[in-house]
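The values are calculated or read from the model by the stated rules, or taken from the named source; none is laboratory data. If you're wondering where the values come from, they're calculated on a predicted model, not measured in any experiment. Backbone-built Cβ (ideal geometry, glycine too); neighbour counts: all protein chains shown. Please note that ligands, DNA and RNA were not included when accessible areas were found on the heavy atoms of the full protein model with its side chains. Shrake-Rupley method; radii C 1.70, N 1.55, O 1.52, S 1.80 Å.
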Amino acid sequence: MSAPRATRTTALPAGAWWLWALGLATAASRTTDPLLLGLLVGVAGHVVAARRTEAPWARSYGAFVKLGLVVIAVRLVFAFFLGSPIPGTHTLVTLPEVPLPDWAKGVRIGGRVTAEGMVFALYDGLKLATLLICVGAANALAHPARLLKSLPGALYEVGVAVVVAMTFAPNLVADVQRLRAARRLRGRPDRGLPALLQVGMPVLEGALERSVALAAAMDARGYGRSADVPRAVRHTTSVLTLGGLLGVCAGTYGLLGEGGGYGLPLLLAGLAAALGGLWLGGRRSVRSRYRPERWGVRAWLVAGSGIAVATLMIWANSYAPTALHPPAVPLTAPVLPLWPAVSVLVGLLPASVAPLPPGGDRADRTASRGRGRAVDVDPRAKEPTP
């Protein structure tokens, strides 16, 4: 089906994008194969390039990619100087080892650096970087503030705190880009440590001003105020919520361990109790909903594609664990497993079913600007002179 332009009514809910991104992140947590992790990064990047808007917070994806590269570099540096728990026979270099006291057994600084240990560190850092990039894709495709419309009333205050924390990075990136552009327009350098130090103070000042404005807006909208609820309802809410969370933990442990047949029933009972507690807890919230998020077919397809990728990867981890976790000892070249790779490609579905950004893609905008110049110039050239 052809994707329409995203408007106020056809835009996907933020929860759909986050479920899709969390599905990709779950799949990344189930493998250390660098080819599969690179495929997951490629899928996330393609969807972001196809469906990202021109909003300032949508430009944070590049910052998350750079952060992932920093994570890989830090992991390799730690493995190089502090050693790796993986034994190896291929020695790359031998560093001077610093003697440590007896209470620091198991920790070393320097010593023999092996190729097997560095490869293991590379796989581990790449997995963490892929998780960060998947979260960055969700930040670039859906504004976190829109998640508040989908949260139950009992989690509204917690959701506001989480959203404020998660919007810090996109707003910080937007402020840095704006200030660097202003410095370029004034003929001042925008790269290097001196430029970064000069940009840091205006960024900090903008963050403080935004915090004060946010606090004033939250106070004006009655944030933190609650309605009077009978004591019996409050106690019932606490018991259901706490008991439901304990049931979810016990059921998850039963499913992952040797729980026999009680894992799934206990998990479902815990989810039901927790949802009931959240529903009762929502009665204390006095906030109103304005234009609540509506889930259509496209939203379910986007969210379902991410869930499908996670489910298929978990299933592949059960029947082909060696294919998803290439060993570092002995050193072997990673191989791209066929069916897990096909399951990852399911995550490309949002690139074709999600609504197009309001401004279109870059090629369309460039072509439209070119057509606009032609339309503006040619008719005037053909106008008769009075």
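Counting every Cα pair in the stretch 1-111, what percent are over 23 Å apart?
Above the 23 Å cut-off, the stretch 1-111 has 52 percent of its Cα pairs.
Which cross-chain or sequence-distant (5 or more) residues have an amide H under 5 Å from the amide H of Ile109, H modelled 1.01 Å from N in plane?
Val98
Show me, for the stretch 184-195, the HN-Hα J-couplings you get by feeding each phi into the Karplus relation (A = 6.51, B = -1.76, C = 1.60, θ = phi - 60°), rounded to Hz, glycine and proline as x.
Rounded to whole hertz, the list is 5, 5, 8, x, 9, x, 10, 10, x, 5, x, 5.
So, by mean Cβ neighbours within 10 angstrom, what's the order for 87-100, 341-354 with the highest one leading?
Listed from highest to lowest mean packing, they are 341-354, 87-100.
For the stretch 56-120, with all protein chains present and a 1.4 Å probe, just round the carbon and sulfur fraction of the accessible area to a whole percent.
Answer for the stretch 56-120 is 73 percent, counting heavy atoms of protein chains only.
Could you provide, to the nearest whole Å², the per residue accessible area of the stretch 94-135 with probe 1.4 Å?
Ligands and nucleic acids excluded, the result is 55 Å² per residue.
Going by amide H atoms built from the backbone, whose H comes under 5 Å of the H on Leu92, apart from near neighbours?
Result for Leu92 returns Val113, Thr114, Ala115.
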